[in-house]
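Engineer: The following block contains the structure, expressed as structure tokens.
The values are calculated or read from the model by the stated rules, or taken from the named source; none is laboratory data. The structure presented is a predicted model; accordingly, all values stated were derived computationally and were not measured. Ideal geometry is used to build each Cβ from the backbone, glycine not excepted, and the neighbour counts take in all protein chains shown. Just the protein is used for accessible areas: all its heavy atoms, side chains included, with ligands, DNA and RNA removed. Shrake-Rupley method; radii C 1.70, N 1.55, O 1.52, S 1.80 Å.
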Amino acid sequence: MHVLEVHRDSGALHRRPLKGRSLEIGRAGSCDIALEDAGLAERHWLVLERGGTVVVHDVSGAARSRDNAHVLGLDDPFPLGRDHVLVRRAVCTSPHRRGLDTGTRSLGISERRRLSILLHSGGDARLVAVRERPLHVGRGHDNDLRVQDDAASLRHCRIEPSGASVLLRDLDSRNGTYLNGAKVSVAELRDGDVLRVGRSELRLVGHVAAHAERGGSSEMVAACPRMLGVMSEARRYAALPWPVLIRGESGSGKEGIARLLHTAGPRHGEPWVALNAGGISQDLVESELFGHERGAFTGASGARRGVFEQADGGTLFLDEIGELPASSQTRLLRVLETGEVRRIGAESGRSVDVRIVCATHRDLRALVARGSFREDLYYRLVRLAVEVPPLRERPQDIELLSQHFLALDAEVVGLKVLSEQALERLLAHGWPGNVRELRNVLSAAAAQTTARRLEWEDIEGALRRVGAGGRIPVAHLRRVLDRHGGNLAAAARSLSMPRTTLRDRLKEVDREDLLEGEEASG
């Protein structure tokens with residue numbers, strides 16, 4: 001165990017064990033060790049443990065360099081200010097005291113290295129990984145994570161990775177730092193914790209994966225900051241009772257976000273019911289939505305509950321809401337207004353308590369303008385809105401999603417892994433079918449080979465069979481060529497493509513660019 005001693009005039013004033021926790025030294029009264037020393041800033045030094053070493057960081061703000069860390073040698077005095085020095089001592093602990101828990105919320109070191117701080121504001125999302133040095137958060141330009149928020153202080157708080165812990169420390173901010181809704185001075189952090197700095201919300205997220213529902217193919221997996229921001233937004237909306245409209249291309253993950261709105265909210269133990277409004281015939285839509293009584297129409301041999309009654313107390317997810325017929329839109333609006341649903345053929349209604357989540361790949365505002373979707377229903381459904389980006393706009397997710405899908409298929413076809421060239425081919429594809437297309441391509445590729453490793457040819461063949469196929473985009477060819485310093489042969493090997501094919505593709509595009517330029521100038 002490490003013990004730190006602060007000396008003045010050859011005498012020890014303070015003696016503190018680190019115990020896997022960071023230690024702040026300065027003149028401010030809220031520091032772990034507060035010293036009266038004219039050579040010290042209010043908050044000057046931060047002492048962190050890294051494995052078997054102790055590192056001292058200058059956090060005074062005066063040192064603009066990122067390389068402001070000093071390794072504290074054993075029994076080697078380190079000057080803190082004008083009058084004080086810091087000395088590290090080694091103390092042997094009794095065998096029965098080894099391995100004591102330093103806190104019920106402590107993280108394993110491998111877990112801490114996967115954590116990142118996510119700042120999501122509107123459509124913008126930024127992800128800053130928790131590394132080995134402290135991270136400053138605030139409104140000032142010199143922060144590691146700057147929040148453009150007038151309610152935040154210039155230096156508002158600090159994230160301190162130390163040993164097996166990650167600490168949040170408020171830096172005497174004017175409005176306070178909040179962790180999961182509670183105001184804190186110093187607190188340990190874990191994956192999923194929500195920080196509030198001024199009016200800005202930050203979330204500690206696992207860098208490798210984030211989930212909406214544990215297990216199964218519906219699990220949400222993301223590494224892209226934009227997608228993590230969407231998931232963070234959905235978690236925030238999950239606690240609210242209002243309808244949510246999820247917009248995004250087919251196959252982009254809208255149902256996964258809808259499930260997150262259910263599982264992360266107060267209705268998570270209640271029914272989850274999903275209905276694709278575009279997947280049933282118009283004759284049966286109202287029966288599916290509202291139910292029917294026995295004899296209500298030909299073939300109604302018994303009474304049946306609609307999805308509203310099935311979802312009572314829980315969440316009803318209506319996918320492709322833009323396909324709903326006009327007559328059903330009118331009845332849906334009435335249910336939303338009154339909280340009552342009347343089965344077809346019934347004389348009276350039944351009260352239901354349902355949280356409505358809808359999704360569409362269509363532009364509902366354009367449908368409203370054309371008169372094919374009711375404007376009053378639109379504004380009922382769009383009280384909260386979430387935009388799910390297409391897969392082509394979040395390439396960081398492709399490798400992680402691929403690993404996830406291959407693991408799900410492992411029981412059927414055995415565990416498969418991607419070669420570097422196979423991943424290159426996946427990254428080069430445009431994914432018009434989004435995540436659903438990626439899942440199908442990987443399943444097809446895994447089923448067509450007995451080898452453990454999927455190669456470029458396996459992915460290419462699967463794209464031709466079940467995906468959109470097509471040639472590799474030229475922009476990707478040029479990126480690979482640049483990565484190999486213009487070496488055509490090396491780039492072709494990386495793409496598992498004949499060198500002559502790569503050369504001809506690039507020449508062909510260069511000729512097209514030249515002709516377009518001549519036409520424009522002529």
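Engineer: What is the dipole size for the chain, taken about its Cα centre, with +1 at each Lys and Arg Cβ and -1 at each Asp and Glu Cβ, in debye to the nearest 20?
Structural biologist: Details: 76 positive and 72 negative charges, 176 e Å.
Here the size comes out at about 840 debye.
Engineer: Now a separate question. With a 1.4 Å probe and all protein chains kept in place, how do LYS254, LYS507, LYS183 rank by accessible area, largest first?
Structural biologist: Details: LYS254 15, LYS507 105, LYS183 140 Å².
Final ranking, largest accessible area leading: LYS183, LYS507, LYS254.
Engineer: Computed FRET efficiency, Cβ-Cβ of LEU488 and THR450, R0 35 Å: what is it to the nearest 0.05?
Structural biologist: On the way: r = 33 Å, r/R0 = 0.95.
Once rounded, the FRET efficiency stands at 0.60.
Engineer: Could you compute the FRET efficiency for VAL474 and GLU393, with r as their C-beta to C-beta distance and R0 at 22 Å, rounded to 0.05? Intermediate results must be reported in sequence, preceding the final value.
Structural biologist: Working: r = 19 Å, r/R0 = 0.86.
Given R0 = 22 Å and the Cβ-Cβ separation, E is 0.70.
Engineer: Using a 1.4 angstrom probe on heavy atoms only, work out the carbon and sulfur share of the accessible area of the chain in %.
Structural biologist: Values: 11690 of 25230 Å².
With neighbouring chains kept in place, the figure for the chain is 46 percent.
Engineer: Multiply the residue gap between ALA296 and SER372 by 0.36 nm, knock off their C-alpha separation, and tell me the result in nm, one decimal place. It would help to have the intermediate numbers written out before the result.
Structural biologist: Values: separation 76, 0.36 × 76 = 27.36 nm, distance 2.79 nm.
Value of the extension gain: 24.6 nm.
Engineer: Scan region 260-323 for trypsin sites (Lys or Arg not before Pro) in coil per DSSP, keeping those whose Cβ has at most 16 other Cβ atoms within 10 Å, and list them by number. The partial results should precede the final answer.
Structural biologist: On the way: sites: ARG267, ARG294, ARG304, ARG305; in loops: ARG267, ARG294.
Those that pass, being in a loop and sparsely packed, are ARG294.
Engineer: Hey, can you grab everything whose amide H is under 5 Å from the amide H of CYS157? Only 5+ residues off in sequence or another chain; H modelled, so Pro and N-termini drop out.
Structural biologist: For CYS157, whose amide H was placed from the backbone, the distant partners under 5 Å are VAL137, LEU171.
Engineer: Tell me, what is the FRET efficiency for VAL3 and SER327 to the nearest 0.05, using R0 = 60 angstrom and their Cβ-Cβ distance as r? Intermediate results must be reported in sequence, preceding the final value.
Structural biologist: Working: r = 77 Å, r/R0 = 1.29.
Taking R0 as 60 Å, the efficiency between VAL3 and SER327 is 0.20.
Engineer: Sticking with this structure for a sec: Please identify the longest segment of the chain free of exposed GluC sites (Glu not before Pro), where exposed means a DSSP state other than H, G, I, E or B and no more than 14 other Cβ atoms within 10 Å.
Structural biologist: Working: sites that count: GLU36, GLU132, GLU347.
That gives 133-346 as the longest site-free run.
Engineer: Check cross-link reach from LYS254 to the lysines: straight Cα distance under 28 Å, and skip same-chain residues fewer than eight apart.
Structural biologist: Once the sequence-local lysines are set aside, what remains near LYS254 is LYS416.
Engineer: Something else now. With Kirkwood's inverse mean 1/r over C-alpha pairs for Rh, give me the Rg to Rh ratio of the chain, two decimals please.
Structural biologist: Radius of gyration relative to Kirkwood radius: 1.07.
Engineer: As a test of reading the structure, rank THR338, THR450 by solvent-accessible area (1.4 Å probe, protein chains only), most first.
Structural biologist: Details: THR338 70, THR450 145 Å².
Heavy-atom accessible area, descending, gives THR450, THR338.
Engineer: Here's something else I'd like to know. What is the sum of charges around SER232, taking Lys and Arg as +1, Asp and Glu as -1, for the other residues whose C-beta is under 11 Å from the C-beta of SER232? Before the final figure, lay out each step's value.
Structural biologist: Working: positive: ARG203, ARG226, ARG235, ARG236; negative: GLU201, GLU233.
Taking every Cβ under 11 Å from that of SER232, the sum is +2.
Engineer: Turning to a different aspect of this structure: What accessible area per residue comes out for the chain, rounded to a whole number of Å², with a 1.4 Å probe?
Structural biologist: Details: 25230 Å² over 522 residues.
Averaged over the residues of the chain, the accessible area is 48 Å².
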